[in-house]
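**Q** The following block contains the structure, expressed as structure tokens.
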Amino acid sequence: MSALFFNAQELELLNCFNSFDVHYLVIGGHAVQFHGHLRPVKDLDIFIDRSDGNPVRVVSALRSLGFFGSDLSANLFSEMKKQIPLGRYQTELLTSPDGPTFEETFARRVMANEKGIAVPVVSYDDLLQQKRKLGRPQDIADVEALENGKTAV
């Protein structure tokens, strides 16, 4: 498939992350579409690197987009197992989803180009590993569809 099907708001967010040198990976449903299984996607899932200065860059990027509040801090993006929703972007930022570490996954990433924006996407094998670890019905269906080469539900 090799397409991510982002809307304008999602592209704005990713472009902003790139501008602030945020280390991230697209995972979840958009990655499933990218790797060949076209199915509905409810939101954009982004795996955020918790190391070095990345949490500070995430906060700076979000503040530039108009996010604010006392809970918006680098500490929030440094903690494990956080799921931070960005309502108006229909996006969820994840600091440590099930599966390989960020460093491992980032080293094996695949780069996509969506409307001139470079987008790092989780690799096929890492996506399957993440989906298997989650084990929810949609995740199992995604694994089966990807492994069987299905392009539509």
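**Q** For the condition closer than 23 Å to Phe34 by Cβ and either surrounded by fewer than 19 Cβ atoms within 10 Å (Cβ to Cβ) or in contact with a Leu (Cβ under 6 Å, 6 or more places away or on another chain) (or both), what is the one hit in Val143, Val56?
**A** Val143
**Q** Moving on to the next point. Examine segment 28-42 for a residue that is β-branched (Val, Ile, Thr), within 26 Å of Asp139 (Cβ to Cβ) and open to solvent by 30 Å² or more (accessible area, probe 1.4 Å), and state whether such a residue exists.
**A** yes
**Q** So which of Phe47, Phe20 is of a type in the set (Phe, Trp, Tyr), surrounded by 20 or more Cβ atoms within 10 Å (Cβ to Cβ) and touching a helix residue (DSSP H, G or I) at 6+ places or on another chain (Cβ under 9 Å)?
**A** Phe47
**Q** Looking at segment 130-147, I want the residues that are acidic (Asp, Glu) and have a partner that is in a helix (DSSP H, G or I) and open to solvent by 10 Å² or more (accessible area, probe 1.4 Å) with Cβ atoms under 7 Å, at least 6 apart or on another chain. Which pairs are those?
**A** Listed pairs, sorted by first residue: Asp139/Lys131; Asp142/Lys131.
**Q** Within segment 117-127, does at least one residue satisfy the condition of being open to solvent by 60 Å² or more (accessible area, probe 1.4 Å) and in contact with a strand residue (DSSP E or B) (Cβ under 8 Å, 6 or more places away or on another chain)?
**A** Yes; the residues of segment 117-127 include at least one that is open to solvent by 60 Å² or more (accessible area, probe 1.4 Å) and in contact with a strand residue (DSSP E or B) (Cβ under 8 Å, 6 or more places away or on another chain).
**Q** Among the residues of segment 83-112, which ones are open to solvent by 70 Å² or more (accessible area, probe 1.4 Å) and in contact with a strand residue (DSSP E or B) (Cβ under 7 Å, 6 or more places away or on another chain)?
**A** Within segment 83-112, Gln83, Pro85, Gln90, Arg109, Met111 meet the criteria.
The values are calculated or read from the model by the stated rules, or taken from the named source; none is laboratory data. In this text, all values refer to a predicted model and were calculated from it rather than measured experimentally. Glycine gets a Cβ as well: all are built from the backbone with ideal geometry, and neighbour counts include every protein chain shown. The area values use the complete protein model at the heavy-atom level, side chains included, leaving out ligands, DNA and RNA. Shrake-Rupley method; radii C 1.70, N 1.55, O 1.52, S 1.80 Å.
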